[in-house]
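Colleague: Take a look at the following structure, please.
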Amino acid sequence: MSGICESGAKALRSFEDLRSAAQALGARRVAIVCAADEVALTAAADALHFGIAIPQLVGEAIKIRAMAEALGLDDLLRTAQFVEAASPAEAAQKACAMAASGESDVLLKGHLRTDELLRAVLSRESGLRTGRLLSDVLLYEDALGGARRLVGITDGGLNVLPTLEQKRQIVLNAIDVMHCIGIERPNVALMSATEAVTETIASTVDAAALTELGERGEFGEALVFGPLALDNALLMSAAEAKGITHPVAGRADCLVVPNIEAGNLLGKAVKYLGHSQCAHVVAGARVPVLIPSRVESSDDKVNSMALGVLFQAHGIKLREARR
């Protein structure tokens, strides 16, 4: 059943729940790459205060200290670890090395471009590659069904026009993220402009192929179905009006979009038109990687750190179970 863990524990339904769950796990070491950024430093101070993160500030220490002092972040200055790096490339390399050696648990992008951080994460020397595709999973608070709950959107951040095989891996990454917030059998909707399979819309054909894989059990503990349009993925009334009776329809926990444009637009729509906070994490590397937009708020970045903490703990649990 969507939204309830098989163990009987409730899935996390809000960002307040998300932060509380991360607090319960205990603070994790978060390396903030190029930390001379006002919003990132404010978020680091808040995450420290909430017991979510132990900040590791990577970059030009003089600049970082001056900015933190100007913001009045005294607790952060007393507690954080400073790691000197003279350039964005060096900061990214050092943060990745810290994560690979077990000195850091989560990576958070500060004042550098996403590609600069991901280039270091994906380099063969970093030790963070797993052989799996990297993809971004965004969470927002949805209330269309009458009750507030966390819903995922993927991938609006990394993969421009994913192939069928890449979409398969995007689905697997999304399922892992949904599991980490307590949804043990998530409903994963494969999105398109229509729920009808038609050769003229390639995303519907891919959705049908992925649905077939799901029916064969290749996605494990998840229900994967599509194609679905946005309304009949999230609204029971829309699904019923179209005569769609699959359990995912109207009850989607995660929306898998056909391309980066759709994911980017949908993610920004839920934030700016739907007035939701957000959190997102890049899955597929050895540690969670957080690549927030420069326009995201401090609250959004704290939410992402909380999600990173939960995803990191979930990864450890999975590795131990496979031994």
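Colleague: Output wanted: per-residue J couplings in Hz (rounded whole) for region 182-188, from phi through Karplus 6.51 cos²θ - 1.76 cosθ + 1.60, θ = phi - 60°, x for Gly and Pro.
Modeller: x, 9, 6, 9, x, 8, 10
Colleague: Also: What's the whole-number percent of alpha carbon pairs in the chain lying beyond 24 angstrom? Let's see the in-between values first.
Modeller: Numbers: 26690 of 52003 pairs.
Here the tail beyond 24 Å accounts for 51 percent of pairs.
Colleague: Also, I was wondering about something else. Relative to a virtual label point 7 Å from the Cα of residue 101 in the Cα→beta-carbon direction, which members of region 127-149 show backbone nitrogen distances below 14 Å?
Modeller: Residues passing the 14 Å test: 127.
Colleague: Could you work out which residue, out of 141, 90, 215, moves most in a Gaussian network model of the chain, that is, has the largest mean-square fluctuation with Cα springs under 10 Å?
Modeller: Largest GNM mean-square fluctuation: 215.
Colleague: Quote the FRET efficiency, to the nearest 0.05, computed for residue 208 versus residue 132 with a Förster distance R0 of 35 Å and r equal to the Cβ-Cβ distance.
Modeller: Numbers: r = 24 Å, r/R0 = 0.68.
Computed FRET efficiency for residue 208 and residue 132: 0.90.
Colleague: Step through the residues of region 102-112 one at a time and calculate ³J(HN,Hα) from phi using the Karplus curve (6.51 cos²θ - 1.76 cosθ + 1.60, θ = phi - 60°), rounding each to whole Hz and writing x for Gly and Pro.
Modeller: Once rounded to whole Hz, the list reads x, 7, 10, 9, 9, 10, 10, 6, x, 8, 8.
Colleague: Quick one: order 163, 204 by neighbouring beta-carbon count within 10 Å, fewest to most.
Modeller: Working: 163 11, 204 23.
Ranked by crowding around the Cβ, least crowded first: 163, 204.
Colleague: On full extension of the chain, what length is gained from residue 196 through residue 16, given 0.36 nm per residue of separation minus the C-alpha to C-alpha distance?
Modeller: Working: separation 180, 0.36 × 180 = 64.80 nm, distance 3.75 nm.
Full extension from residue 196 to residue 16 adds 61.0 nm.
Colleague: Please list, in order, the residues from region 292-319 whose amide nitrogen is less than 20 Å from a point placed 7 Å along the Cα→Cβ vector of residue 71.
Modeller: Within reach of a label on residue 71: 292-309.
Colleague: Still on this model: By how many nm would the segment from residue 122 to residue 63 lengthen if fully extended, with 0.36 nm per residue of separation less the alpha-carbon distance? Write down the numbers at each step before the final one.
Modeller: Details: separation 59, 0.36 × 59 = 21.24 nm, distance 2.76 nm.
Taking residue 122 through residue 63 to full extension adds about 18.5 nm, to one decimal.
Colleague: Using alpha-carbon positions, what is the distance between the centroids of region 177-230 and region 92-166, in Å?
Modeller: 21
Colleague: Let me ask something additional. If each residue's Cβ is checked for other Cβ atoms within 10 Å, how do 119, 124 rank with the fewest at the top? Walk me through the numbers on the way to the answer.
Modeller: Numbers: 119 15, 124 7.
Listing 119, 124 from fewest to most nearby Cβ atoms yields 124, 119.
Colleague: Another question about this same structure. When only C-alpha pairs under 8 Å and at least 6 residues apart count, what is the relative contact order of the chain, in percent? Mind showing how you got there, number by number?
Modeller: Working: 686 pairs, mean separation 72.9, N = 323.
Dividing the mean separation by the residue count of the chain yields 23 percent.
Colleague: Which entries of 271/301; 94/317; 10/301; 268/301 show an alpha-carbon separation above 18 angstrom in the structure shown?
Modeller: On the way: 271/301 13 Å; 94/317 26 Å; 10/301 24 Å; 268/301 15 Å.
The answer is 94/317; 10/301.
Colleague: Per residue of the chain, what 222 nm ellipticity follows from adding -39500 (n - 2.57) for every DSSP H run with n ≥ 4, rounded to the nearest 500?
Modeller: Values: 12 runs with 137 residues, N = 323.
Value at 222 nm, helices only, nearest 500: -13000 deg cm²/dmol.
Colleague: Rounded to the nearest 0.05, what FRET efficiency do residue 275 and residue 218 have when you use their Cβ-Cβ distance and R0 = 41 Å?
Modeller: Numbers: r = 37 Å, r/R0 = 0.90.
Given R0 = 41 Å and the Cβ-Cβ separation, E is 0.65.
Colleague: With a Förster radius of 56 Å, plug the Cβ-Cβ distance of residue 38 and residue 245 into 1/(1 + (r/R0)^6) and report the FRET value to the nearest 0.05.
Modeller: On the way: r = 50 Å, r/R0 = 0.90.
Computed FRET efficiency for residue 38 and residue 245 comes out at 0.65.
Colleague: Near the amide H of residue 224, under 5 Å away, which other amide H atoms are found, from residues 5 or more places off or on another chain, if H is placed in the peptide plane?
Modeller: Those lying under 5 Å, H to H, from residue 224 are 188.
Colleague: Could you state the per residue volume, in Å³, of the convex hull enclosing the Cα atoms of region 65-183?
Modeller: Spread over its residues, the Cα hull of region 65-183 gives 175 Å³ apiece.
Colleague: Treating only the Cα positions of region 211-323 as identical point scatterers, give the base-10 log of I(q)/I(0) from the Debye formula at each q in 0.09, 0.15, 0.22, 0.23 Å⁻¹.
Modeller: Debye curve over Cα of region 211-323, log10 I(q)/I(0) at q = 0.09, 0.15, 0.22, 0.23 Å⁻¹: -0.33, -0.89, -1.27, -1.28.
Colleague: Return the single residue from 66, 91, 239 with maximal mean-square fluctuation; model: Gaussian network over the chain, springs between Cα atoms under 10 Å.
Modeller: 66
Colleague: Rounded, prolate or oblate: which fits region 143-268 when a ≥ b ≥ c are the square roots of the eigenvalues of the alpha-carbon gyration tensor, with rounded for a/c under 1.5 and prolate only if a/b beats b/c?
Modeller: Rounded.
Colleague: Working from Cα positions, state the angle (0 to 90°, nearest 10) between the long axis of helix 15-25 and the longest principal axis of the chain.
Modeller: Between helix and principal axis, roughly 60 degrees.
Colleague: Residue by residue, what Karplus-based ³J(HN,Hα) values in Hz, rounded to whole numbers, does region 273-286 have, using 6.51, -1.76 and 1.60 with θ = phi - 60° and x for Gly and Pro?
Modeller: Karplus-based 3J(HN,Hα) across region 273-286 equals 8, x, 6, 9, 5, 9, 8, 8, 9, 8, 9, x, 9, 5 Hz.
Colleague: Follow-up question, since we're still on this one. Suppose a student asked you for the relative contact order of region 135-273, using Cα pairs under 8 Å spaced at least 6 residues apart; what percent would you report? Intermediate values should be presented prior to the final figure.
Modeller: Details: 275 pairs, mean separation 44.9, N = 139.
Answer for region 135-273 is 32 percent.
Colleague: Continuing with the same structure: Connecting C-alpha atoms closer than 10 Å in a GNM of the chain, tell me which of 15, 311, 50 has the biggest fluctuation.
Modeller: Looking only at 15, 311, 50, the biggest GNM fluctuation is shown by 50.
Laboratory data are not the source of any read-out in this text; all were calculated from the coordinates shown. Remember, it's a predicted structure, so these values are computed and weren't measured experimentally. With ideal geometry, Cβ positions are generated from the backbone for all residues, glycine too; neighbour counts draw on all protein chains shown.
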